[in-house]
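See below for the structure under consideration.
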Amino acid sequence: MNITILILVVSVIISGFIGWGISWLIIKQKGSNILKRAQEEAETVKKAKMLEVKEKFINLKADYEKEVAAKNQKFATIENRHHQKEQSIHQKEQVLNQKMQEVQRKNNGIDVIRENLNNQVIVVENKKRELDKLRTQEVEKLSTISGLSAAQAKAQLMESIKDEARTDSMAYINEMMEEAKMTANKEAKKIIIQTIQRVATETAVENSITVFNIESDEIKGRIIGREGRNIRALEAATGVEIIVDDTPEAIVLSGFDSVRREIARLALHQLVLDGRIHPARIEEVVAKTRRQVEDEIAEIGKRTTIDLGIHGLHPDLIRMVGKMKYRSSYGQNLLQHSRETANLCAIMAAELGLNPQKAKRAGLLHDIGKVPDDQPELPHAILGMQLAEKYKEKPDICNAIGAHHDEVEMATLLAPIVQACDAISGARPGARREIVEAYMKRLNDLETLAMSYEGVVKTYAIQAGRELRVIVGADKVDDKAVETLSYDLAKKIQDEMTYPGQVKITVIRETRAVNYAK
């Protein structure tokens, strides 16, 4: 039993040693295989890296060789350029040396010529002295023979020549003057006729009314308002008489001032479109429209100067030019008259060989004195000249403005041109109407007279001058003073003015209390 166990133990131990030996041999064999494969892979990687390094080295070497070749080529180019410059400098040096040699030769020749000239000058001076001696001897002989000195003979000769020249020149001048007199009238008529034909504009007389068209007669009632309050507010705000009669789809705006009529027309148009017509809205729209008309006046002035090619006008003069659209000269629109005069002046100045731009400028501004409302006691030509001087216009233009009605003496040729062209523009058939100018002056005088009283805010002459409406400030004039003012105005108008029929003076004093609910 024990032997069996011992044999089993020994066999187990022996089998264990055998298994361990076999395992060790297998592991050793595998390890040698792995090591061999690792060595082979390392050799492969080594070869690949060596090839890669060689390839990079070859590429770097090629790049370096290219760079070196490029630098060598650049150096060669620079060297060639320097060589060419050296050759060019050498050639220029040779040419310069040749020119210096030529200059030296010429200087030598000039010295020879100068020496010859000096010799000739000496000879000429000697001959001149001899001639002077001979002339002196001859003069002495002549003086002895004639009994006159050389100065006396010269003076007699000069006097005879002067008398002869004076006679000939006077005859020539008289001949030229006679010829000028014969042709002057003909040439002047020719220039004027050509100028008139080249500037043939339509003539239109300004009216004192404006017709406002409406879509239906129902709007008339809204414009009149309850108990006429709307129409009274419109008349008070604009200074224009609004006539609402049986004329279908039309309302007449009557007033001598075309600016007021335009403001009233635009304000009515805005009110009718808006639909809200009441006194407060009327005053707001009229004030806004008045500002719009002022802006439009400035724009009209700019457009006029651009159309005529006139530059550099003062902004205040441009506004006055725009305001000409709403002024009239004997019933003729002042802006149309001034534009026509400017074009006529330019054409006539060009025909006479003068500056057309200056003539056009003087023609446009010649009636600028009719625009301002102040200083009515001055003639418009003098006032226009003062305005032009104030805004730095040139003296010849100022003189042409002031002299076109002979208030000042004409100092340049522009003045008669402006005078003639002003007469041409106003003399076209139907261009002017004297009665309209007198009528407008009478209405202006009525309003100016009323404005001279203290406390008066606005004055409006309406109904063709048969009624004067005076609006006074409620804080400056009380109810008792209103009656006194009306009486004083009526008496002063009766004593100082001439007018047909009678004039009704209406003084209006209105007190308003305005509050806002917030």
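The values are calculated or read from the model by the stated rules, or taken from the named source; none is laboratory data. Everything numeric in this text was worked out from a predicted model, so none of it was measured. Please note: Cβ atoms are built from the backbone with ideal geometry, for glycine as well, and neighbour counts cover all protein chains shown. The accessibility values were calculated without ligands, DNA or RNA, using every heavy atom of the protein model including side chains. Shrake-Rupley method; radii C 1.70, N 1.55, O 1.52, S 1.80 Å.
Brief remarks on what is shown
- Taking all protein chains as they are arranged and a probe of 1.4 Å, the heavy atoms of K476 leave approximately 150 Å² accessible to solvent.
- Summed residue charge, Cβ within 13 Å of F75's Cβ, Lys/Arg positive, Asp/Glu negative: +1
- Only alpha carbons enter this Debye calculation for region 27-103, each as an equal point scatterer, and the log10 of I(q)/I(0) it gives at q = 0.12, 0.16, 0.22 Å⁻¹ is -0.68, -0.81, -0.97.
- Charged-residue dipole, Cβ positions (Lys, Arg, Asp, Glu), region 441-500 about Cα centre, Debye nearest 20: 260
- Put a plus charge on the Cβ of each Lys and Arg, a minus charge on the Cβ of each Asp and Glu, and nothing anywhere else: the dipole of region 242-344 about its Cα centre is then about 300 debye.
- Cα shape, region 445-500, gyration tensor, a/c 1.5 rule: prolate
- The residue list N118, V103, L131 was ranked by how far each Cα lies along the charge dipole of region 91-137 toward its positive end, using unit charges on Cβ atoms, and L131 comes out on top.
- Placing unit charges on each Cβ (+1 for Lys and Arg, -1 for Asp and Glu) gives region 282-374 a dipole about its Cα centre, and among S338, V371, I310 the Cα reaching farthest toward its positive end belongs to I310.
- Inter-probe distance in nm under a simple model that places probes 7 Å from Cα toward Cβ, at N515 and L96: 10.4
- Cα centroid separation, region 351-416 to region 272-308 (Å): 30
- Surface share of carbon and sulfur [accessible, 1.4 angstrom probe, percent] for region 8-66: 70
- Extension gain, K476 to Q120, is 117.5 nm, computed as 0.36 nm per intervening residue step minus the present C-alpha separation.
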